[in-house]
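The values are calculated or read from the model by the stated rules, or taken from the named source; none is laboratory data. Because the structure is predicted, anything quoted here is derived from the model rather than measured. Here the Cβ is made from the backbone with ideal geometry for all residues, glycine too, and neighbour counts use every protein chain on show.
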Amino acid sequence: MKKHSVEKTCEYVRKMIKCKKDIKMEDKMPVATLTSKGQMTIPKEVRKALNLKPSGKVIIVVEGDHAVIRPLRGNILDIGGSIRIPDKEKPVDFHKVREEVKKRVAKRMAK
């Protein structure tokens, strides 16, 4: 690398650092306001960047003193109804099971 190009690079970096110091971090980031109910609207540029659509779901992960919003994709519940469950594996009504157990216990005790 030439000395000239190193000096130019250093000068460029110094200018960028000075520029970054003059701009507050909050001035460059999208801001959302909480309502009295704790709701917020995700800013348009964030929705666009995360490819969020109306009724889309997000995960909010708390990490120390801040939170990270991540889009929820490929939820297992999205495939509901597309998988057939054999009759023998379907859940049984609790009340029917309880009544059957009562009958069997009563039958045993009667013997």
Take the residues in the range 63-111 that are at pLDDT below 70, of a type in the set (Val, Ile, Thr) and closer than 30 Å to PRO43 by Cα, then tell me which one is farthest from the chain's Cα centre (by Cα). ILE79
Please work out which residue is surrounded by the most Cβ atoms within 10 Å (Cβ to Cβ), limiting yourself to the range 48-66 and to residues that are in contact with a strand residue (DSSP E or B) (Cβ under 8 Å, 6 or more places away or on another chain) and not in a strand (DSSP E or B). LEU52
